[in-house]
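Visitor: First the structure, which I've put down as structure tokens, then a few questions once you've had a look.
The values are calculated or read from the model by the stated rules, or taken from the named source; none is laboratory data. Computed from a predicted model, the values in this text were never measured in an experiment. Every residue, glycine among them, receives a Cβ derived from its backbone with ideal geometry; neighbour counts consider all protein chains shown. Calculation scope for accessible area: heavy atoms of the full protein, side chains included, ligands and nucleic acids excluded. Shrake-Rupley method; radii C 1.70, N 1.55, O 1.52, S 1.80 Å.
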Amino acid sequence: MTKFGKKKKAISPIIATLILIVITVIAGIALYGFVSGYMSTITPTNSAPPNVQFIAEKYTPTLPSKSSTPIIQNSFNFTIQNAGSNPLTITKAYIINASNNQLFSVANITTGLYGHTPGSVTIAPNQIMLVNVSTTNTIQPGNYYVKFATSNGFSFTSPTVYVSS
């Protein structure tokens, strides 16, 4: 007579299902933690996108100087209001041809009537400022707009300005 030993028991299907559910929930929590940590490193934090309003804009071509007052060459002049609650620092300006959306020129940024304070421009909340965007390149007649880059990684564009001959 052969002895087969004790009868082996398996776990019940209910307990097996519960174990699989627990493993799935733990894996989901770990994946969520990894993805949310990764996404926070690639998006700007603690800063809102700029809220600006363009009050006026015009193009001023290069004119011969009749006085010692410097003349801004080929400048787009924008009156910009920072309607947000944080200061807005404009670090770069790009003149874009509106007909084909191609970069025409990286421009100089200045403030004031004749381009005082060159470099980046900071506009305080609820402040209105005249911002000049100028280039030494000859601008042909057509439609152009300016794309502004800010210090916190956001950008905004101006209304289209027509340049006549």
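Visitor: For the range 59-76, indicate whether the set of residues that are at pLDDT 85 or above, touching a strand residue (DSSP E or B) at 6+ places or on another chain (Cβ under 9 Å) and of a type in the set (Phe, Trp, Tyr) is non-empty.
Guide: Checked against the condition, which is being at pLDDT 85 or above, touching a strand residue (DSSP E or B) at 6+ places or on another chain (Cβ under 9 Å) and of a type in the set (Phe, Trp, Tyr), the range 59-76 yields no hits at all.
Visitor: List the number of the failed condition for ASN101; all other conditions in (1) open to solvent by 20 Å² or more (accessible area, probe 1.4 Å); (2) farther than 17 Å from PHE76 by Cβ hold.
Guide: (2)
Visitor: Report the residue count in the range 93-134 for those that are modelled with pLDDT of 80 or more and not in a strand (DSSP E or B).
Guide: Number of matching residues: 9.
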